[in-house]
Every structure is written in structure tokens, then in C-alpha cells.
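Single-structure report; data block below.
The values are calculated or read from the model by the stated rules, or taken from the named source; none is laboratory data. Quantities reported herein were computed from a predicted structural model and do not represent experimental measurements. Please note: Cβ atoms are built from the backbone with ideal geometry, for glycine as well, and neighbour counts cover all protein chains shown. The protein model used for the area step is the full one, side chains on, heavy atoms only, and it has no ligands, DNA or RNA in it. Shrake-Rupley method; radii C 1.70, N 1.55, O 1.52, S 1.80 Å.
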Amino acid sequence: MAGGLPNELPGIYLVAGLQRVGGNRKLFRKLLVEFHGDHGGDIALIRSCLSSGDRATAQRLAHTIKGVAATIGAHEMHQVAKGLEAEIKENK
């Protein structure tokens, strides 16, 4: 665990994420921790928003996840969030 980061993190391409923050391991670790803390419950929240008809909030949450996922190197999550955002926008 160099610089407070594990050698591997399932679903996260550490090299790509580190490149996006200029190799700043401390900042990258902070982003990962904040992402988990700030967005760990977003799937349930999106479902709740969609159930109650609050599509705007659901779309905003998907958009936020999409952006942060790209930044931290979570490529698959980025693609899923991108698709979800589009589907919500298209009222699917």
C-alpha cells in the first residue's frame, strides 16, 4: 500500500485515476474516500427519486457519479452512470 493506496482496487484503474490528478497520491486517496462517503448510498437514493417521480434529482445524481467515476478511474461505473443519466433524461 504505497502512499495510502492499495496496490489494487476492484473497479478502479488506479493508474488512470492517478494520472488525472497529476500523480498526487494523497489527493487521489482523498477523492476515493470522499466518493465512497458522499455517494455510497446514491443507488438507493436514485431508485427512491425515480419511484417518487423526482427525475431531476435522479438525473443530477447519475451525472455526478458519471463525472466523479471518470476522475477516479472507475471506467465501468462511468459508462453505467452515463447510460443511466441518458435513460433518465429520455424518460425511460
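Search the range 39-56 for residues being free of Cβ contacts under 8 Å to residues at least 12 places away in the same chain and in a helix (DSSP H, G or I), and hand back the single one that is farthest from the chain's Cα centre (by Cα). This residue is 51. Within the option set 66, 30, being in a helix (DSSP H, G or I) and either among the β-branched types (Val, Ile, Thr) or farther than 28 Å from residue 86 by Cα (or both) holds for one residue only, 30. Contact map, the range 58-73: first residue closer than 18 Å to residue 24 by Cβ, second residue at pLDDT below 95 and of a type in the set (D, E, K, R), Cβ cut-off under 6 Å, separation 6 or more or different chains; pairs are 71/20. Any residue at all in the range 43-55 that is within 28 Å of residue 21 (Cβ to Cβ), out of contact with any strand residue (DSSP E or B) (no Cβ under 9 Å at 6 or more places or on another chain) and at pLDDT below 95? Yes. Looking only at residues of the range 60-92 that are of a type in the set (Gly, Ala, Ser) and more than 16 Å from residue 17 (Cβ to Cβ), we find that the one that is nearest to the chain's Cα centre (by Cα) is 62. Look through 17, 4, 73 and report the one residue that is touching a Phe, Trp or Tyr at 6+ places or on another chain (Cβ under 8 Å), open to solvent by less than 50 Å² (accessible area, probe 1.4 Å) and either basic (Lys, Arg) or at positive phi (or both). Unique residue meeting the criteria: 73.
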